[in-house]
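**Q** Right, I'll just put the structure down here and ask away after.
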Amino acid sequence: MVTTTSQVADLARAIAGDRAEVGSLMGEGVDPHTYKLTRSDVARIAGADIVLYSGLHLEGKITDALTRIAGSGKPVHAVAEAIPSDLLLTPAGFDGNPDPHVWMDVKLWTRALDAALEALVAFDPAGADHYRANAAGLAERFGRLDAYARSALASIPEQTRVLVTAHDAFNYLGRAYGLEVRGIQGISTESEAGLREIEALVDLLVSRRIAAVFVETSVSERNIRALIEGAAARGHRVEIGGALYSDAMGAPGTHEGTYVGMIDHNVTTIARALGGDPPSGGFEGRLTAASADVGEK
């Protein structure tokens, strides 16, 4: 089985267990908005029995290729496109397409889990019981993760419950867990941030006395540094609150290299930096204070 992003690969591995070998085209720190297929990617897809991808134009430059492959008869499934349209955000400036960063809301990503499960059951009916048992266990864990995120982010003082990041990857997290979210770039990292957007965010930081902004592990820090310098020029100190995982997860084999670990890291890092009081070990006690420093330079 071949998947595109690390988030989808994590779902597939958890459901399939030892019944399938799962590979991911995109690894740690890779930006799916700008990713281009290589010759080896094309060969891997051609040799795969089934392909899972996120969809909703997340994998912008390769979506057309995946659609063509699906037309050839190979099982190809966009797991996020199973989410009902009335639950999706459709921001201005994204050509009428939904915001694809649905995994930032754990309840929405549970629907993607259901879609991945049904795709595997349809492809391999003999493994249905195995797949369903694995998916049920993961869904239960997602439920506890969602409750943790809600509690940790609610501990942030209301005045500072504002998340400022490099690009607009966190709107679903904001809607689900009560944060005001501002990104310098748009939904896709292909868009460019203008001076007007940066100045407006500096105004917000200064007027609300927001003490922290966040970099992302798969996006350049340049614009975030410009925000910090702009606020400093107006007498307001802003620090980098940590590096968040947005379009890609952490290193394979680490807690942050799983979907649960990615969300745990993000939620706990945000809550700590904005004045909240999350548990020191995060969800399930697997984080350390140093984890908030991931990706900082």
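**Q** All but one of (1) on the phi > 0 side of the Ramachandran plot; (2) touching a strand residue (DSSP E or B) at 6+ places or on another chain (Cβ under 7 Å) hold for V2, so report the exception by its number.
**A** Evaluating V2 over (1) on the phi > 0 side of the Ramachandran plot; (2) touching a strand residue (DSSP E or B) at 6+ places or on another chain (Cβ under 7 Å) leaves (1) as the failure.
**Q** Then there is this: Could you please find all residues in the range 246-265 being touching a strand residue (DSSP E or B) at 6+ places or on another chain (Cβ under 9 Å) and free of Cβ contacts under 8 Å to residues at least 40 places away in the same chain?
**A** Matches in the range 246-265: H265 only.
**Q** Same structure, new question: Inside the range 76-96, can you point out the residues that are over 25 Å from N134 (Cβ atoms), within 18 Å of the chain's Cα centre (by Cα) and free of Cβ contacts under 8 Å to residues at least 60 places away in the same chain?
**A** L88, T90, listed by residue number.
**Q** On to the next question. Looking for something surrounded by fewer than 13 Cβ atoms within 10 Å (Cβ to Cβ) and closer than 30 Å to G275 by Cα - is there at least one such residue anywhere in the range 146-157?
**A** There is at least one residue in the range 146-157 that is surrounded by fewer than 13 Cβ atoms within 10 Å (Cβ to Cβ) and closer than 30 Å to G275 by Cα.
**Q** In addition: Return the only residue of N97, N171 being crowded, with 18+ Cβ neighbours inside 10 Å, under 26 Å from K61 (Cβ atoms) and in contact with a His (Cβ under 8 Å, 6 or more places away or on another chain).
**A** N171
**Q** Evaluate the following for I210: is it at pLDDT 90 or above, part of a loop (DSSP other than H, G, I, E, B) and of a type in the set (V, I, T)?
**A** When the stated conditions are applied, I210 passes them.
**Q** Now, a different point. Can you find a residue that is of a type in the set (V, I, T) and within 20 Å of the chain's Cα centre (by Cα) anywhere in the range 106-115?
**A** Yes, that holds for at least one residue.
Residues are listed down the side, and each one gets a yes or a no for (1) crowded, with 22+ Cβ neighbours inside 10 Å; (2) within 21 Å of the chain's Cα centre (by Cα); (3) not in a helix (DSSP H, G or I):
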site	(1), (2), (3)
A9	yes, yes, no
E21	no, no, yes
G29	no, yes, yes
V42	no, no, no
I45	no, no, no
D49	no, no, yes
L52	yes, yes, yes
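**Q** Also: Going by what's in this entry, would P252 be described as in contact with a Leu (Cβ under 9 Å, 6 or more places away or on another chain), surrounded by fewer than 20 Cβ atoms within 10 Å (Cβ to Cβ) and at pLDDT 90 or above?
**A** Against the criterion (in contact with a Leu (Cβ under 9 Å, 6 or more places away or on another chain), surrounded by fewer than 20 Cβ atoms within 10 Å (Cβ to Cβ) and at pLDDT 90 or above), P252 does not qualify.
**Q** Now, a different point. Identify, by number, the condition in (1) of a type outside the set (S, T, Y); (2) exposed (fewer than 13 other Cβ atoms within 10 Å of the Cβ); (3) under 17 Å from the mean Cα position of the chain (by Cα) that G73 doesn't meet.
**A** Failing condition for G73: (3).
The values are calculated or read from the model by the stated rules, or taken from the named source; none is laboratory data. On a predicted model such as this, the values are computed, not experimentally measured, just so you know. Counting neighbours? That spans all protein chains shown, and the Cβs are built from the backbone with ideal geometry, glycine included.
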